[in-house]
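Chemist: Would you mind keeping the following structure in view while I ask a few things?
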Amino acid sequence: MKRTLFQPSPCWHTRSKISRWARLPSPRLLSSQKAKDEPLRILFCGSDSFSAASLTALHAFSKTAQANIASIDVVTRTDKRSGRGLKLVNSPPIKHDAQRLDLPIHQIDTFKGWNLPEYKGLNRQINLVIAVSFGLLIPRRILDMAKYNGLNVHPSMLPDLPGAAPIQWSIIYGRTTTGVTVQTLHPSKFDQGLILDQTPAPGIAIPNPQSITTPQLIDLLAPLGAEMLVNAIRNKLYISPYEPVRDQGNAREVAMAPKITPQMRVIDFTKFTATELLRRNRAIGPLQVFLKKGDESKDLIRIKISEDARFATSSDIPECMRSFADRIPAGVPYAIMSKSQSPTNSNKPLLVNTLATDSDCRQVAFPHMTVASMGKSTGAAAAARAIAFRRAEIVGDFGLHICTRPFMLPDDLNGQ
């Protein structure tokens, strides 16, 4: 069979550069032949920028001569209000792409009582459901109404990292490779369908795994997922009998990728190493910490850690101050600066010790932080405005400023 590659539309939201070998469809896809099917009426379920790339590519493919796509309807989550007075309306990113492509849009937060759209005069319904980063389980009732059931594009090497947030958890776990999977939709469980196509093992290398962020990893994987979806449609992988390419029970390393919750962004420095904390900040940041307003107060001050959080360096902790810094308990904020400098005017980072390990630096530096109602500032200055530092301990030319209160968890998170 002639070797062809899907050429992405110029309107794809792709900023990352991917090596040619990583973009090649699998040989099985290129040689697969299926019986002629009826024109596809697709229900595309998605929400974020990862799914928007697949929708854009699918729409572009539908306009080509070789496509057999009659229509695409888009299902996404409802708009949500936020901000003071709930005046801001936040729409799922994919909604804007669907509007730009002039596709029908259905916004729901549950499938209960919702039915597939019908086409007047044609007496036909949706015959293929596609879910990409949608967040809701497509129920059996909906799948059974679609002749070709459903497909899912998942940004991981399933069966590794099943769940709602595989991209974020690949960073949290410190993965160095990743990939994309196309699977059938299971009628009652997430990410338990038959694997019909997948990035060749062991996956593609994650560039700069010690510094990559979630948006950057989405930029890497979104065009791969979009291309694999289009190839799955071109090669009719949605028609049974299916031809699985991998046994889901034969994974060497399997971890879960559960939904990210607000509680996961609140950090207990006594339970995380510096490496774990910084991975989380890149994956699901900004992380949050809390401080009491006063010794007797029950009110807490919320502080957001900026994306430039990093390991502390020798410029943050001079050698003569190392032993003093090492003795500070985990979770107690401190700063080191010239003995003549005031913390409120300092450009130095705030420092915090984390859970100690034998092989890892335990000090993290926060060059910038955002204190609730006070805005963003340099780390030491932000801490000085939020709470009091003790009187500085002078060591040579340096002053060691230690906060009077440690970072803590809200009562509803204690013990978790």
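Chemist: When the chain is treated as a GNM, springs tying every alpha-carbon pair under 10 Å, which of Arg140, Arg280, Arg77 comes out with the largest mean-square fluctuation?
Modeler: Of Arg140, Arg280, Arg77, the most mobile in the Gaussian network model is Arg140.
Chemist: If you don't mind, another one. Classify segment 262-403 as rounded, prolate or oblate, taking a ≥ b ≥ c as the square roots of the eigenvalues of its Cα gyration tensor: rounded when a/c is under 1.5, otherwise prolate if a/b is larger than b/c and oblate if not.
Modeler: Numbers: a/c = 1.58, a/b = 1.13, b/c = 1.40.
Since a/c reaches 1.5 but b/c is at least a/b, the shape of segment 262-403 is classed as oblate.
Chemist: So for the pair Asn115, Val332, with labels modelled 7 Å out along Cα→Cβ, what separation do we get in nm?
Modeler: If labels sit at Asn115 and Val332, their model points lie 6.8 nm apart.
Chemist: Please figure out what share of the DSSP beta bridges in the chain is antiparallel and state it in percent, rounded to the nearest 5.
Modeler: 70 percent
Chemist: Can you tell me the relative contact order of segment 262-403? Whole percent, Cα pairs under 8 Å, sequence separation 6 or more. Kindly include the intermediate steps, with their values, before the conclusion.
Modeler: Numbers: 287 pairs, mean separation 36.9, N = 142.
Relative CO of segment 262-403 lands at 26 percent.
Chemist: Sequence neighbours fewer than 8 away in the same chain don't count; with that in mind, list the lysines whose C-alpha is under 19 Å from Lys236.
Modeler: Partners found: Lys2, Lys34, Lys36, Lys63, Lys147.
Chemist: With a 1.4 Å probe and all protein chains left in place, how much accessible area per residue does segment 159-211 have, in Å²?
Modeler: Numbers: 2020 Å² over 53 residues.
Spelled out: the 1.4 Å probe surface of segment 159-211, per residue, equals 38 Å².
Chemist: Which aspartates and glutamates, if any, have their Cα less than 17 Å from the Cα of Lys348, not counting same-chain residues under 8 positions apart?
Modeler: Glu307, Asp308, Asp316, Glu319, Glu393, Asp397
Chemist: Once you've got the GNM for the chain with C-alpha springs shorter than 10 Å, pick whichever of Gly113, Gly375, Gly399 has the biggest mean-square fluctuation.
Modeler: Most flexible of the set in this elastic network: Gly113.
Chemist: Continuing with this model, one more query. Treating the angle as unsigned and between 0 and 90°, give the value, to the nearest 10°, between the Cα long axis of helix 214-234 and the longest Cα principal axis of the chain.
Modeler: The angle comes out at about 10 degrees.
Chemist: Next up: Taking 0.36 nm per residue of sequence separation and subtracting the Cα-Cα distance, how much length would be gained by fully extending the chain between Leu88 and Phe324, in nm to one decimal? Show your work: numbers first, answer last.
Modeler: Numbers: separation 236, 0.36 × 236 = 84.96 nm, distance 4.74 nm.
Residue separation times 0.36 nm, minus the Cα-Cα distance, leaves 80.2 nm.
Chemist: Within the accessible area of the chain, what % is carbon and sulfur when the probe is 1.4 Å and the other protein chains stay in place?
Modeler: On the way: 10410 of 20250 Å².
Carbon and sulfur: 51 percent of the exposed surface of the chain.
Chemist: Determine ³J(HN,Hα), in whole Hz, for all residues of segment 276-283 in sequence, where each value follows from phi through the Karplus function 6.51 cos²θ - 1.76 cosθ + 1.60 and θ = phi - 60°; x replaces Gly and Pro.
Modeler: Each residue of segment 276-283 in turn: 5, 5, 5, 4, 5, 5, 6, 8 Hz.
Chemist: Here's a follow-up. What residue among Asp219, Asp397, Asp308 shows peak mean-square fluctuation when the chain is described by a Gaussian network model with Cα springs under 10 Å?
Modeler: Greatest mean-square fluctuation among the candidates belongs to Asp397.
Chemist: Measure up Lys87/Lys298; Lys292/Lys376; Lys112/Lys304; Lys259/Lys298; Lys95/Lys189 against 28 Å on the Cα-Cα distance and list the ones that go over. The partial results should precede the final answer.
Modeler: Working: Lys87/Lys298 30 Å; Lys292/Lys376 19 Å; Lys112/Lys304 38 Å; Lys259/Lys298 30 Å; Lys95/Lys189 26 Å.
Beyond 28 Å: Lys87/Lys298; Lys112/Lys304; Lys259/Lys298.
Chemist: Thr261 accessible area, nearest 10 Å², 1.4 Å probe?
Modeler: 50 Å²
Chemist: Here is a follow-up. At each listed q (0.10 Å⁻¹), what is the log10 of I(q)/I(0) that the Debye formula gives for segment 40-235 modelled as equal alpha-carbon point scatterers?
Modeler: -0.41
Chemist: Sticking with this one: Calculate, in whole percent, how much of the Cα-Cα pair population of the chain lies beyond 35 Å. Each step should come with its number before you reach the end.
Modeler: Numbers: 34307 of 86320 pairs.
Looking at the chain, the distances longer than 35 Å represent 40 percent of pairs.
Chemist: Then there is this: Can you give the accessible area of Glu393 in Å² (nearest 10), computed on protein heavy atoms with a 1.4 Å probe?
Modeler: Glu393 has an accessible surface of roughly 90 Å² with all protein chains in place.
Chemist: Under a point spin-label approximation (7 Å from Cα along Cα-to-Cβ), what is the Met145-Glu307 distance to one decimal in nm?
Modeler: Result: 4.0 nm between the two label points.
The values are calculated or read from the model by the stated rules, or taken from the named source; none is laboratory data. Nothing here was measured: the structure is a model prediction, and the numbers come from that model. We place every Cβ from the backbone using ideal geometry, glycine too, and count neighbours over all the protein chains shown. Only protein heavy atoms, including side chains, enter the accessible area calculation; ligands, DNA and RNA are left aside. Shrake-Rupley method; radii C 1.70, N 1.55, O 1.52, S 1.80 Å.
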